[in-house]
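Peer 1: Input: one structure, supplied below.
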Amino acid sequence: MLMNTKTKVILSFITVFLLGGISGYLVRDTLLVKEQYAHSERFSGNEDRNGTRFENEQERREHRQRMRERAQNRLIEYLSLEENQQEEFFSLLHTYHTDIRDSVRTIRDLEDSFIREHYDEFKIDLSDLLNQQQLNRMDRFFHPDSVRYNRANRDHRN
């Protein structure tokens, strides 16, 4: 079956739209937390994500350490960890957390590359159909960076 250009454009548009929706759904919370943290760091300087104010970086580090210790103590109590279990448990938990974080980062990087590559192909396919001004306008709405930027700004306004 031979597809004409119009069919290819429509299918490409639908594919990019679906990929964008799926990727947005999968990484939305991760990006929001990251963006909120960056927003907090950028504008408040001496506050953490929860609005706690710190006089200096040392105070911030000490606060984070206390929060980690509280979380560990809750886990020790909740799991009824014996003293001889605690060190290995938290070592394995740290390894697990690090592996998951690194894997998610790798997946996100692959996803970003995949989306950008397909968007670039989509844009090339459209270059015969749309003029440069239309392509630029489309970029402001559909380009992966624009989608992420617009979503972050929309969520901060709410």
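The values are calculated or read from the model by the stated rules, or taken from the named source; none is laboratory data. Note that the structure is predicted; figures quoted are calculated from it, not measured. Calculation scope for accessible area: heavy atoms of the full protein, side chains included, ligands and nucleic acids excluded. Shrake-Rupley method; radii C 1.70, N 1.55, O 1.52, S 1.80 Å.
Peer 1: Enumerate the calculated ³J(HN,Hα) couplings along segment 96-113 in order (Karplus 6.51 cos²θ - 1.76 cosθ + 1.60, θ = phi - 60°), each rounded to whole Hz, writing x wherever the residue is Gly or Pro.
Peer 2: Along segment 96-113, the couplings run 4, 4, 5, 4, 5, 4, 5, 5, 4, 4, 5, 4, 4, 5, 5, 4, 4, 4 Hz.
Peer 1: Next question. For PHE89, PHE122, PHE17, write out the residues from largest to smallest accessible area, computed with a 1.4 angstrom probe and no ligands counted.
Peer 2: In descending accessible area the options line up as PHE17, PHE89, PHE122.
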